[in-house]
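Right, one structure below, let's go through it.
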Amino acid sequence: MCGITGFFDLKKTSSKEILDAMTDSLIHRGPDGRGVKLVNSENAQIGLGHRRLSIIDLTDFGKQPMKFNEYWICFNGEVYNYLEIKKELIDLNHSFIGNSDTEVILHAFVEWGEDCLNRFIGMFAFVIYNEINQDVFIARDRAGVKPLFYYFDDNLFLFSSELKAFHKHPGFKKVLNKSAVSAFMQYGNVPTPHTIFENSWKLKPGHFLNFNLTSNFSNEIYPKNQVKYWSVYDSYNQPKLDISFEVAKSKTEELLSSACNYRMVADVPVGVFLSGGYDSSSVAALLQKDRTEKLRTFTIAVPDIGLNEAPYAKDISNHLGTDHTEISCSQKEALELIQDLPFYYDEPFADSSAIPTTLVSKAARKHVTVALSADAGDEVFAGYNRYDYLLRYGAKINKIPPFARKMLAATMESIPSNYIPILKNKYNFHNRYEKLKGILRNPSEESIMLSLSQQFTDNQMKQLMKEVPSVFQTAYNTNALNNEFFSPLSYMMAIDYETYLVDDILQKVDRATMTASLEGREPYLDHRVIEWAAQLPDEFKYHNGTKKFILKEIVHQYIPKDLLDRPKMGFAIPIAEWLLKDLRDLVEAFINEKTILSQGLFNWKEVNALKQAFYNGKKEYDMKIWYLLMFQMWYDRWMK
């Protein structure tokens, strides 16, 4: 795991000092070393920068930027099956000077070109430059575990693992993309391939970008030129497998075990995040079952905000026999971290679980350099409550006459969620109450997906923004799932894999772990797992109201059911309580008339009405206020 950055400058206005500054802005991603290479070709300046977190081949043979023949590479991530690929390349007369996966990637590209991507099992974002023919090749892994941003304007191309490096180049024009601001307010992130800035994009997962510095450079680097080499829909658009449940369970366990064991390969200490839920417990169980040495596991607890999974995780650890560490943090530590979020999440980001994820990463880093987590278990095996809601209640809601549904939504609009007895104390009730209004107004699959994914509707954004921005086309609007293979569950899961997973979960984990210079690895994001799971019959994943059915049946072979069956907690943060009490001064400091008017982005009358309604009891507006606060804090850090 590392940080990469650099430029291709046809105007030759760059310098080594600029490259140094861009590279060192990513020091948290790679504190173990740095490397820069400035190449002056006939028609361009090429800058390649790398910050190293040493994981595999800790010697200087693993340093980057790395060269082989006329090829240079900057690489962030891990290719777990590099030893098998290396053996194949040696049989093809390649020779190696070190033992890193970086060197294997470079040789694989020289041997097979873009087809090398289909051989890699892992997470990666890399840039390869051919100094003879001036070709540039940039690729991102299938699921999008590793980020890759790029910027192009006025014959200057910048790339980086994080946007903050762009600010170090004087040629970067940080012009706010108002459509991206609107999209952030809806989703809590800026959907791929867009970014918060004009002329700046994210490379989409499962895509590559190639161009030549001497021909049609300016026409080849926009999002429409990104080339797809893999998509989750390739698997969802296949007939469901006609196999028995027992055969499916055995094959699923085999794949998961392979994915987990691959991610234990490292020349540094490795641990596992253990929450006590099914996903993380499955990773720990599958790894510990064939090991004599104790697996190192870590759990975080913030008891004074009600976030305490430590007792459950301890029970799982005791049963499996892992070497377990409980990490206890205070509410004060969690609150203090909020001030740092805009630096590390250098694009507006509103998932509050970034706070506990960062806390556990910082604590785990004191013991290990690599940590496995169980992200994507919900997207792969149907674990989210929204899947349950759709399958349980979607058809029933559709049977309610439209006038009755709209009347019920209007009634809910007049009754604050905090006035609902008993339910008001349930986990995430206020947010769910707000989303239910949108579902009642339009219970189609597409509308339900958007209602559950958005905090503000398109119409609400028209009221909130001073200028009505154009609405982004995103993966939420896809029709990539063929009608022949359509089911409500497949529809929602495939969209989640390409949207919420990429732009929320993976961005959160990448920044949180990199804040602590910790490498995060996710076995459930092994492409072989989703390619298999997508073709399993829906009832193997969601069975008679049981979510993640096949995964639970696997885990029950190693952990008693009574240790695992409990309500899903997640990294729940009491946002409403914080905004009304501990963070109220922060809300007033950033969400006030003077600040809002000076930006010229939002309609102050609407913002103030929202804030006052929240203060006066509409707790279901907590996430809307949180999104506003996160944007305002980001704006203060990066736009002033």
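Just so it is clear, none of the values below were taken in a lab; they were calculated from the coordinates. This is a predicted model, so every value here is computed, not measured. We place every Cβ from the backbone using ideal geometry, glycine too, and count neighbours over all the protein chains shown.
Brief remarks on what is shown
- Proxy reagent accessibility, fewest Cβ within 10 Å first, across V587, V370: V587, V370
- Shape call, the range 135-196: gyration tensor on alpha carbons, a/c limit 1.5: oblate
- The range 283-353: GluC sites (Glu not before Pro) in DSSP coil with no more than 10 other Cβ atoms inside 10 Å: E293
- Signed unit charges on C-beta, dipole axis of the chain, positive-most listed residue P342, L156, L506: P342
- One Cα centroid belongs to the range 469-529, the other to the range 56-107; the line between them spans 29 Å.
- Gyration tensor (alpha-carbon) shape descriptor, the range 477-530, a/c threshold 1.5: prolate
- As a ratio to 2.2 N^0.38 Å, the alpha-carbon radius of gyration computed for the chain takes the value 0.95.
- In the chain, a dipole from Cβ-located charges (positive for Lys and Arg, negative for Asp and Glu) runs towards its positive end, and of Q557, G438, F61 it is G438 whose Cα lies farthest in that direction.
- MRE, 222 nm, helices only [DSSP H, n ≥ 4, -39500 (n - 2.57), over the chain, to nearest 500]: -11500 deg cm²/dmol
- Approximate spin-label separation D32-R566, in nm, with each point projected 7 Å along Cα-to-Cβ: 3.6 nm
- Over the chain, relative contact order from alpha-carbon pairs under 8 Å, at least 6 apart, %: 16 percent
- In plain terms, the residue of D636, D141, D91 with the fewest other Cβ atoms within 10 Å comes first and the most crowded comes last, giving D91, D636, D141.
- Dipole in debye (nearest 20) - the range 575-640, about Cα centre, beta carbon charges: Lys, Arg +1; Asp, Glu -1: 120 debye
- Kirkwood-based Rg to Rh ratio, the range 348-390, C-alpha trace: 1.10
- Pairs of alpha carbons in the range 13-110 whose separation is greater than 19 Å (percent): 45 percent
- Net charge dipole size for the range 2-230 [Lys, Arg +1 and Asp, Glu -1 on Cβ; Debye, nearest 20]: 840 debye
- Semi-axis lengths, largest first, of the ellipsoid equivalent to the range 2-230 are 27, 20, 18 Å, with √(5λ) applied to each eigenvalue of the Cα gyration tensor.
- In the range 231-329, trypsin sites (Lys or Arg not before Pro) in a DSSP loop with at most 14 other beta-carbon atoms within 10 Å: K289, R291, K294
- Cβ-defined net charge surrounding E446, 15 Å radius [Lys, Arg +1; Asp, Glu -1]: -1
- Taking amide H as placed 1.01 Å from N in the peptide plane, the amide H of I420 sits under 5 Å from none that are at least 5 places away or on another chain.
- The alpha carbons of the range 575-640 give a radius of gyration and a Dmax of 11.3, 33 Å, in that order.
- Cβ-based exposure ranking for L610, L337, in which fewest neighbours within 10 Å come first: L337, L610
- Cα centroid of the range 580-640 to Cα centroid of the range 208-271, whole Å: 39 Å
- For the range 158-271, the C-alpha radius of gyration sits at 1.54 times the compact-globule guess of 2.2 N^0.38 Å, with N the residue count.
- Given +1 at the Cβ of Lys and Arg, -1 at the Cβ of Asp and Glu and no other charges, the dipole of the chain around its Cα centre is 1880 debye to the nearest 20.
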